[in-house]
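Read through the structure below, which is laid out as structure tokens, and then see the notes.
The values are calculated or read from the model by the stated rules, or taken from the named source; none is laboratory data. Just so it is clear, the structure is predicted and the values come from calculations on it, not from any experiment. Please note: Cβ atoms are built from the backbone with ideal geometry, for glycine as well, and neighbour counts cover all protein chains shown.
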Amino acid sequence: MNGGEIIAKVLEKHGVKFLFTLCGGHVSPIFVAAENVGIKVIDTRHEANAVFAADAVSRLSDTPGVAVVTAGPGVTNTITAIKNAAMAQSPLILLGGAAATILKGRGSLQDIDQLSIMKSICKYNVSVTKVKDLVPTMEKAFYMAQEGVPGPVFVECPIDVLYPEEIVREWYVEKGAGSKPKNLTERAVQWYINYHAKNIFEGKDSIDFNKPVQDPTFPKYDENRLKRAVSMLKQAEKPLLVIGSGAVMSADHIQELSQAVEKLGIPVYLSGMGRGLLGKNSDLQMRHKRREAIKDSDLIILAGVPNDFRLDYGFHIGSRKFISINKSREDLFKNKIPSLSVLGDPQRFLIDLAKEFSGSYSEWMAHLNKRNQKREDNINEQASAPVNIGINPVQLFRKLDPMLGDDAILVVDGGDFVGTSAYTLTPRSPLSWLDPGAYGTLGVGAGFALGAKLLFPEKDVWIIYGDGSAGYSLMEYDTFKKFDLPVISVIGNDACWSQIARDQVEILHSDCAMNLNYSDYQLIAKAFGGDGVRVDTLEAFEKAVETAKKAVKNGTPFVINAIIGKTDFRKGSISV
């Protein structure tokens, strides 16, 4: 059994169903062996998209996503995607190839110090130097990815640890000149090479795959904190619940969490992966004017939400009482000390809290709903405003929202266009909204959609692209077609990096580096066997949506290239 087969067997043991990769000779034994044991191997057109796909699997299931990439540039191409996963606290495993152990530091192909590069962005980094260490290393990788605050893990797999022993020994013979040593120096070199080979493979036949999987651990909150939270809620007249990605990390218990939040009866704002938690029509969910609601509240509960830039570093809360629940001690106390801090799983805490408390806040709800409706009316007014060219983007989303199916999964990848969608599209169900998270990464679209469609082939997966962000991953339409994974992309094409341009032009009086072309992005889908259409009227867009929905039912990935006009809907939205 070679190293690749050993790794594949561990992946199988941990329930891994998909392995994402971009091929490379350093790591071929891993994905070949994975396919042989029944793991579906998905090869992407860029390593970052392999990691983004693994990230989506991590977020939408309770099994860490796994990607494997070749040495050197294969590993470094994943850095942004890995950091994005770290910021989003996604438990994934990256397997990276590496030069042969005996050739490290000697100028071998694609040989760099990968561990030093990955150290600052991964929870755990390790290089395997002996075949017998592959199993315990992989077991620890799965544990570390999920333990405590979840995050990415990097396992470096040198080429001579992965390939069959007889092949590696042949390589080593070649490095030793392949003939009988002629002098003391050559004999010493040959001895060292033989010793090194023996050391790599020694003990590989005694590998044990049957040790039980170690369940990940995370901080357990003190029961007294639950009681204190109940007491604080009983005294509050205008409580507010803010739920973020940190509270929806276990897919297996997501419906239980949804029911618990409804039982609590507290008005709630949902953000990040929390969007869609209460479905499409919950009376409890507020969508607009969160800052004003926080200002009016007498108790705020942050569940999986740090006081970072999204809450103006805690200035939104000010001196008000607030409870913070987070697995991360750093996020728990970021920028502001809570009135009650709960170090633990926000999902579990809210479920337990609902067993002890249920409230009703009709007057408070009416106050929030009035403000919420006023903003909805304002959005409708902005949707009807004329634009300089094409379709008003607000109006586009107002048209798209009722056309989405109840099983739709929305993947959002962009700036201004995606920001507009967050105000106007309604996620249908828990874990049906995928955004990059706190890192704000462009380019997640195709990778996230790939992972989502593999997990839920029966659901419609939509990518909401800005025309800028679409440039990062539209090539993956080749992957969608090759693996029969039809998704729909809606590209908001205003020929501009609008989120940046709006403030740059006003403040710096320049559109330098801001302009794109009204390109025919739909032709990229057609080039790979998909389909698409360019539209510049609302009527044509509506027809295109219906066409796209029929196309994906027939296995055809589709791109709607929607020419949109510029608006001031998100004026002043730049974050610092």
Conditions (1) in contact with a Pro (Cβ under 6 Å, 6 or more places away or on another chain); (2) surrounded by fewer than 24 Cβ atoms within 10 Å (Cβ to Cβ); (3) more than 21 Å from A56 (Cβ to Cβ): number failed by A86: (3)
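Would you list the helices (runs of 4 or more DSSP H) that sit entirely within segment 461-576 and hold 2 or more residues that are of a type outside the set (G, A, S) and closer than 22 Å to G443 by Cα?
467-473, 477-482, 498-508, 522-527
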Please give the number of the condition F209 fails out of (1) assigned to a loop (DSSP other than H, G, I, E, B); (2) among the aromatic types (F, W, Y); (3) buried (at least 19 other Cβ atoms within 10 Å of the Cβ). (3)
Can you tell which of A495, A544, A527, A513 is among the aliphatic types (A, V, I, L, M), under 18 Å from W462 (Cβ atoms) and in contact with a Phe, Trp or Tyr (Cβ under 9 Å, 6 or more places away or on another chain)? A544
Pick from segment 320-342, criterion β-branched (V, I, T) and in contact with a Pro (Cβ under 7 Å, 6 or more places away or on another chain), ranking: surrounded by the most Cβ atoms within 10 Å (Cβ to Cβ): I325
Matching entry among D568, D531, D494 (being more than 24 Å from the chain's Cα centre (by Cα), acidic (D, E) and surrounded by fewer than 17 Cβ atoms within 10 Å (Cβ to Cβ)): D568
Can you tell me which residues in segment 47-99 are among the acidic types (D, E) and at pLDDT below 95? D62
Within the bounds of segment 102-118, is there any residue that is within 29 Å of V248 (Cα to Cα) and modelled with pLDDT of 95 or more? yes
Going by the structure shown, is P158 modelled with pLDDT of 95 or more and farther than 30 Å from L60 by Cβ? yes
Within the group V394, V461, which residue is closer than 16 Å to A53 by Cα and touching a residue at least 24 places away in the same chain (Cβ under 8 Å)? V461
